[in-house]
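Just so it is clear, none of the values below were taken in a lab; they were calculated from the coordinates. Source: prediction; values computed, not measured. As a convention, Cβ positions derive from the backbone with ideal geometry for all residues, glycine included, and neighbour counts pool all protein chains shown.
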Amino acid sequence: MAIEKEDAQKKRFDDEVSEAKAKADYYEQVMTALNTEPRYQEFFRNYPEEEVAVFKKDYAQKRVRWHFNKSDSLALKAKFSNRFREYCQNAFEQIQARKLFNIMSLWMSKQLDVTGTEVSYDWYAWTRNVFNCPHVSPITKEEVDVFLLFLAEADDNYSIRSSFFPVELLYFLEDEDKKGSQRWDKDEYDCDYHYNAWFRFYDQHYYAHHFKDLPGTRINLEFKYLRHYNKVMDSKKTTVGTQPSPNMVFYHKEKETLFNQFENIDFKHFYWAKKKVDEEFDFASSINIDVIHLTEENIIIPIEHHDDWREGVKIACEKYHRSMVKRIIWDVYDEYLDKMATKDNFEDWGMKPSDYSETDRADRIERIIKGRAFMGEPANLDFLKQ
């Protein structure tokens, strides 16, 4: 493993050196052209020499950047031009995500057995690959109509641009202390993200509230044994007379504690100022994308009055995107049907089981079974059967 890491680092270093040399060579080519070609000489003829010299260096540097970033720029341009089709794909993905959630909920509550699904980890194969999931029925025209109805009624906070994956719902189904709709309490969880506006609209339209109220029986039992396994293994690591080391999971709390305890006031002021600037930059970037989207259209797009002009721009952009989705969604639906008929894998629609790992699955099962054994129960997965 260490050798592989060293080889990867060496390759990355070699690639960086090669790229730097290629950029330097290209810079020299541009400068040579600017200094020798008659067309450029004619262009610079009426400008002061000292200004021309500075201009040439600046232009050559930019030319290098444009040249070596052209693939990214072309990809971004293509993404902008195809974005409405992507938003339609997002809509279809959300339709299927909700249907997947229904099946997951029934399986978690032991009300349904699903072929090929033994443990909760198996759902990871489909949460980012939902168009290829054999457990979810194909999208119907009626379901597209219902999503368009939702889109017409959704408030301004909902964005058709956002993809939604129910992978996090696996964890929110695991909760021994909170049952039913309490799991979606805004005070406890990020309800809009984990159970978004489309999911709630679906509940109302199809009278499907009961799915989120189903108990997460199977995953609760899994986590019961996983927690016991971790507890036993931690106790084995602890020597007599000592306390186990605290777990620095993501270091957020520890970094904040260290920062507050040891850094001086001047550095803290600098940090707080930088954090504020970063937050404003992030917000400005999102507004900038909205402005780009609006300005590149050759039509007048109305912007309603709003106390905060930035929110007005965001709302105008969202409404325009929704109108475009409504206009082309049936063409994209025909494409979806063609892909289903030809058994396409939807890879060009972003589908891939990226969160699924056979190794992680085997490790999880091993820890569950050992956790059962530590509790004096049979070392198997029979508890997951109906």
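So the values come out like this:
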| item | result |
| --- | --- |
| Length released on extending from Asp113 to Ala379, taking residue separation times 0.36 nm less the Cα-Cα span | 93.6 nm |
| Computed E for Arg310/Asp145 - FRET, C-beta separation, R0 35 angstrom, nearest 0.05 | 0.60 |
| Where labels lie 7 Å past Cα in the beta-carbon direction, separation of Ser162 and Asp14 in nm | 4.5 |
| 20 Å reach of a label modelled at Lys231, 7 Å along Cα-to-Cβ, counting backbone N of segment 351-373 | 364-373 |
| Hull shadow area, averaged, segment 2-68 [alpha-carbon convex hull, nm²] | 5.2 |
| Cα→Cβ-extended label distance, 7 Å offset, between Thr342 and Asp213, nm | 4.5 |
